[in-house]
Amino acid sequence: MPRHSAASPIYTALARLANFNSGRRVLLASRKTSSSSARSSAKTRPFLCLALFRILVVVTAVFLFPPAIMSSSSSSSSAAAASVPFQSPRKVVKKVLSLSQSEGQGATVRRSIGGHEVRNLDPFLLLDEFSVSKPAGFPDHPHRGFETVTYMLDGVFTHQDFSGHTGTIRTGDVQWMTAGRGIVHSEMPAADGVQKGLQLWINLASKDKMIEPRYQELESKDISQAEKDGVAVRIIVGEAFGVRSPVYTRTPTMYMDFTMQPGSQLHQPIPEGWNAFVYIIEGEGVFGKENAVPASAHHCVVLGAGDGLSVWNRSGAPLRFALAAGQPLNEPVVQQGPFVMNSRAQIQQAMEDYYYGRNGFEKASQWSSA
């Protein structure tokens, strides 16, 4: 500890106290002839001096040390603020365990968004985690009015549509399909064993619902990636760690696949006003605030308002999750199976167009997948 200078309050107080005690000793010596009661009273005065000395030291210490205590508190607050660098961090407002259900032809999916507990989260309509083995799959079926994003976690799927487009989606690949005015296609497993992936449905604005179908297909090697402090991210669309995906979206969206090593933490900005959720693929993590209850695999975590998400992996195993966020369209949503429009009349029109093969479905009746 540093020594006190002659100008310090403690030094001055001790000097004054020493002079005071010296004067008292001289006075006591000159009063040896006083009465016994006076001598008894004099004997107690050194004890009073000692008590005063102790009080003075305590008061002086209290006077001097608060700035150091305040500085320590301020440092702790600054560290806490630095660990969560958002003005309004997003908190978890709902946590849903996705349950298995049958879909397609013998296929099994875990549906979170689009299920009973979260009907939709504008602009998101559905999120399925699928696990499919031959001969099950998703044979010929139509779509209108939205986009599908298929992300293969493990395995191989083949895709065909009634316009002659074919493709193969392997582990880590992404197919971003804009159904627009209408498409009929099939999605089937193309390898032995269980094929796993995520399929996200994103709504289109009313002005875009009848555009021509189109595809954006990304191989795993072409997906933007970044890594920092034990956190790796595959950026399907959006930006993380200063790296941006080249994928174009009609509905402003971010969609990323994060893997966090044990002990790591993440602070990912999310535009204010966007709806956002997390789907945990594997592992366990703490989302939103440090003392939150951990969420584990197959849970969908819906996030509240704010400008960013913080995540902590306090487990002993890697944590992998998908983060999706999008700007709400704030338009009416009417859905009937694979058709998503803005009114009941438009849904009826879509069903008739598909049945009669018109307004985008002209090739439907003459086509079937191989």
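Shape analysis of the stretch 88-239 based on the Cα gyration tensor places the equivalent ellipsoid semi-axes at 23, 20, 19 Å, largest first.
Counting only lysines at least 8 places from Lys363 when in the same chain, those with an alpha carbon closer than 21 Å to its own are Lys209. Partner lysines whose Cα lies under 18 Å from the Cα of Lys134, excluding those fewer than 8 positions away in the same chain, are identified as Lys196. Karplus-based coupling profile of the stretch 148-156, in residue order and whole Hz: 10, 10, 9, 10, 7, 7, 6, x, 9, with θ = phi - 60° in 6.51 cos²θ - 1.76 cosθ + 1.60 and x standing for Gly or Pro. Simple spin-label estimate for Ser315 and Lys221 gives 3.2 nm between the two label positions (7 Å along the Cα-to-Cβ direction from each Cα). Which listed residue (Ser310, Ala295, Gly273) has the Cα farthest towards the positive end of the charge dipole for the stretch 241-325, taking +1 on Lys and Arg C-beta and -1 on Asp and Glu C-beta about the Cα centre? Among Ser310, Ala295, Gly273, the one farthest towards the positive end of the dipole of the stretch 241-325 is Gly273.
For Arg119 and Ser343, the FRET efficiency from 1/(1 + (r/R0)^6), where r spans their Cβ atoms and R0 equals 22 Å, is about 0.80.
The alpha-carbon of Lys221 sits under 20 angstrom from the alpha-carbons of these aspartates and glutamates, leaving out residues fewer than 8 places away in its chain: Asp154, Asp173, Glu239, Asp257. The length gained on full extension between Ala191 and Ile211, counted as 0.36 nm times the residue separation minus their Cα-Cα distance, comes to 3.8 nm. The alpha carbon convex hull volume per residue for the stretch 77-162 rounds to 166 Å³.
Extension gain, Lys94-Glu352: 0.36 nm per intervening residue step, less the Cα-Cα distance, totals 89.1 nm.
Values in this text are rule-based calculations from the coordinates and carry no lab data. Since we're looking at a predicted model, the values are computed, not measured. Using ideal geometry, Cβ is built from the backbone for each residue, glycine included, and neighbour counts are taken over all protein chains shown.
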